[in-house]
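Peer 1: Dropping a structure here in structure tokens format, bear with me for questions.
The values are calculated or read from the model by the stated rules, or taken from the named source; none is laboratory data. What you see is a predicted model, and the numbers here were worked out from it, not measured in a lab. No Cβ is skipped: glycine too gets one built from the backbone with ideal geometry, and neighbour counts run over all protein chains shown.
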Amino acid sequence: MKATARAHTNIALIKYWGKRDEKLFLPMNNSLSITLDAFYTTTSVEFCTCLKKDIFLLNGNIMGEAETNKMTRFLDLIRKMSGSTLYGVVDSINTVPTAAGFASSASGFAALAAASTKALKMEINDDILSQIARQGSGSACRSIHGGYVEWEKGEQLDGSDSFGKQILTENEWDLSILSVLVEPNEKKVLSREGMKRTVDTSPFYTGWLETVDDDLTVAKQAIYDRDFETLGNVLERNALKMHATTLGANPPFMYWTSATVAVMQKVQELRDNGISAYYTIDAGPNVKVLCQPEDENSVREKLMTLSVVQEIYHCHPGPGITYLPNTNRKTCC
Ligand code: DP6
């Protein structure tokens, strides 16, 4: 009753921003992402009759009540689907630098969904696995697949048509994604809270909804055409629109710091000097810069000249879920 799975995190090119159903994690709009090779979570789950409750180990440390309860709520869903009543030990190793504010919930819930359903020998396809991962954290549903992934929002009330679909594999188009760390501290407004506040109170949210589908259509076609300039322009525009909605919220909030803006301006300057690079930003101050692999070194070099830049992590499109052999590490009886 044990299984081990690895899932890579993803970065949204067209953002998921706003839920139409908070309990089922159903989004207001379709989104589009790249799964990243360098950041991933490896999770082993063992269900056992010897356990009286779930246990959660992260990077070898036993997690406290709040973190464990979150994980238990997710395992409850899987227990309900499979008919099992067993508790489990979740042993997770995260290579996503959590302190750096890069999304680890996507890879975390995708790996947990894959390992726990396999440990219980549930026979499910990737569409169902993605729907399950979605209910841990929305963006996790895209991490089931590698490469370029669209999360279709779906129309059904039960979420049965809301899951990630691969549109291009990681081997079909290589891009460089540079994760630029400017601020290692935890973000003040979590993405879950931020998107809710925006949907509930920001007058700019309707503008977001009116144009996001067009952005997605352009981005998707650019991916099929391997047209980097078109993709870059639309992904940057889409990120700016998402962040603009937060300024209209009540109370208003902003994920950027002056360092974020400095990186954005540097990327614009690179473009003015003929280097094709574009940025996107999620619910935090750090910036992801996309460029073509042949420009990676010069983009990195130019960004490193900024004193606000603490670290740059390099990524390329990476794989979806992989199942690994179980280690001999003993986690229960
Ligand atoms: C800005 O997936 O972290 O990164 O579903 O509430 O867990 P929950 O939110 P989450 O939100 C991600 C928001 C985003 C955009 C994106 O990844 O598409």
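Per-residue answers, yes or no, for (1) buried (at least 16 other Cβ atoms within 10 Å of the Cβ); (2) more than 20 Å from GLN166 (Cβ to Cβ):
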site	(1), (2)
HIS8	yes, no
GLU46	yes, yes
LYS52	no, yes
LEU58	yes, yes
PHE74	yes, yes
THR85	no, yes
ASP91	yes, yes
SER105	yes, yes
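Listed here are the residues, each with its yes/no results for (1) in contact with a Ser or Thr (Cβ under 8 Å, 6 or more places away or on another chain); (2) assigned to a loop (DSSP other than H, G, I, E, B).
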{"site": "ASP214", "(1), (2)": "no, no"}
{"site": "VAL218", "(1), (2)": "yes, no"}
{"site": "LEU231", "(1), (2)": "no, no"}
{"site": "VAL267", "(1), (2)": "no, no"}
{"site": "TYR278", "(1), (2)": "no, no"}
{"site": "ALA283", "(1), (2)": "yes, yes"}
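Peer 1: Sticking with this structure for a sec: Could you look through region 31-57, keep only residues that are among the aliphatic types (A, V, I, L, M) and in contact with a Ser or Thr (Cβ under 9 Å, 6 or more places away or on another chain), and pick out the one that is nearest to ILE93 (Cα to Cα)?
Peer 2: Per the stated criteria, the residue is LEU57.
Peer 1: Between a residue in region 53-72 that is free of Cβ contacts under 8 Å to residues at least 12 places away in the same chain and any residue that is in a helix (DSSP H, G or I), which pairs come within a Cβ distance under 8 Å, given they are 6 or more apart or on different chains?
Peer 2: Final answer for the pair search is MET63/MET71.
Peer 1: Among residues belonging to region 285-333 that are in contact (Cβ under 8 Å) with a residue 24 or more places away in the chain and assigned to a helix (DSSP H, G or I), point out the one that is surrounded by the most Cβ atoms within 10 Å (Cβ to Cβ).
Peer 2: VAL299
Peer 1: Starting from region 141-160, keep only residues that are at positive phi and assigned by TED's automatic domain parsing to the domain that holds ALA38, then list their pairs with residues that are more than 11 Å from the ligand (Cβ to nearest atom) and aromatic (Phe, Trp, Tyr) whose Cβ atoms are within a distance under 9 Å, requiring at least 6 positions of separation or different chains.
Peer 2: From region 141-160, the pairs are GLY147/TRP173; GLY154/PHE163.
Peer 1: ARG192 - would you say it is surrounded by fewer than 21 Cβ atoms within 10 Å (Cβ to Cβ) and farther than 22 Å from ARG271 by Cα?
Peer 2: yes
Peer 1: If a residue has to be more than 18 Å from LEU168 (Cα to Cα) and of a type in the set (S, T, N, Q) to count, how many in region 209-245 make the cut?
Peer 2: Residues flagged as more than 18 Å from LEU168 (Cα to Cα) and of a type in the set (S, T, N, Q) within region 209-245 amount to 4.
Peer 1: Sticking with this structure for a sec: For residues that are within 14 Å of the ligand (Cβ to nearest atom) and in contact with a Ser or Thr (Cβ under 6 Å, 6 or more places away or on another chain), scanning just region 132-152, find the one that is nearest to ILE321 (Cα to Cα).
Peer 2: Once the filter is applied, the top-ranked residue is ILE144.
Peer 1: Pairs please, first residue from region 234-257 and assigned by TED's automatic domain parsing to the domain that holds LYS188 and over 13 Å from ALA283 (Cα atoms), second anywhere and in a loop (DSSP other than H, G, I, E, B) and within 11 Å of the ligand (Cβ to nearest atom), Cβ atoms under 8 Å, 6+ apart in sequence or on different chains.
Peer 2: Here the result reads ASN238/LYS15, each pair linking region 234-257 to a residue that is in a loop (DSSP other than H, G, I, E, B) and within 11 Å of the ligand (Cβ to nearest atom).
Peer 1: Please count how many residues of region 195-245 are of a type in the set (Gly, Ala, Ser), surrounded by 19 or more Cβ atoms within 10 Å (Cβ to Cβ) and more than 15 Å from the ligand (Cβ to nearest atom).
Peer 2: Of the residues in region 195-245, 2 are of a type in the set (Gly, Ala, Ser), surrounded by 19 or more Cβ atoms within 10 Å (Cβ to Cβ) and more than 15 Å from the ligand (Cβ to nearest atom).
Peer 1: Evaluate region 11-32: report whether one residue or more is away from the ligand (no atom under 16 Å from the Cβ), in the same structural domain as ALA113 (by TED's automatic domain parsing) and crowded, with 21+ Cβ neighbours inside 10 Å.
Peer 2: Of all residues in region 11-32, those away from the ligand (no atom under 16 Å from the Cβ) come to none.
Checked region 11-32: no residue is away from the ligand (no atom under 16 Å from the Cβ), in the same structural domain as ALA113 (by TED's automatic domain parsing) and crowded, with 21+ Cβ neighbours inside 10 Å.
Peer 1: Across region 154-174, what is the total count of residues that are away from the ligand (no atom under 16 Å from the Cβ) and crowded, with 20+ Cβ neighbours inside 10 Å?
Peer 2: 1
Peer 1: What are the residues in region 41-81 that are within 16 Å of the ligand (Cβ to nearest atom) and part of a strand (DSSP E or B), if any?
Peer 2: Once the filter is applied, which keeps residues that are within 16 Å of the ligand (Cβ to nearest atom) and part of a strand (DSSP E or B), region 41-81 yields only THR41.
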